[in-house]
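The next block holds one structure in the form of structure tokens; read it before the comments.
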Amino acid sequence: MKRVAFKMTLKPGCATKYEERHKVLWPELVTLLKNSGISEYSIFLDKETHTLFAYQKIDGEKGSQDLAAEKIIQKWWKHMADIMETNDDHSPVTKPLKEVFYLK
């Protein structure tokens, strides 16, 4: 199992909307993520900088950001584009983070 982390940026004033949308995460999106080998997916918010820190375990080489060809992922990205920094295809701008310490 591989651990990956990345950061994204939320637009100011959108924290509540972001949390509300994730409380009702679409079942077909959950199914895709789990069937793709993604587990223990957590997202944390730094309210001062609007930085989202995401962590997930993946069984294989592909994390959630590698599922761009999937229709439900494209639909989710479009749904979230109004409250996050995004690329032209509505995918969130992500910056991978290097693991520098792990205590097991």
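No value in this document is a laboratory result; all are computed from the given coordinates. This is a predicted model, so every value here is computed, not measured. In this analysis, Cβ positions are derived from the backbone assuming ideal geometry, glycine residues included, and neighbour counts consider all displayed protein chains.
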When restricted to ASP59, ASP66, ASP89, ASP46, the only residue charged (D, E, K, R) and touching a helix residue (DSSP H, G or I) at 6+ places or on another chain (Cβ under 9 Å) is ASP89
Going through (1) surrounded by fewer than 15 Cβ atoms within 10 Å (Cβ to Cβ); (2) under 14 Å from THR94 (Cβ atoms); (3) free of Cβ contacts under 8 Å to residues at least 12 places away in the same chain one by one, ALA68 fails only at (3)
Flagged in segment 1-47 as over 19 Å from HIS79 (Cα atoms) and either in contact with a Cys (Cβ under 7 Å, 6 or more places away or on another chain) or among the basic types (Lys, Arg) (or both), in numbering order, are LYS2, ARG3, LYS34, LYS47
Some residue of segment 68-86 being assigned to a loop (DSSP other than H, G, I, E, B) and of a type in the set (Val, Ile, Thr):
yes
Note on segment 1-48: residues basic (Lys, Arg) and either surrounded by 11 or more Cβ atoms within 10 Å (Cβ to Cβ) or not in a loop (DSSP other than H, G, I, E, B) (or both) are LYS2, ARG3, LYS7, LYS11, LYS17, ARG21, LYS23, LYS34
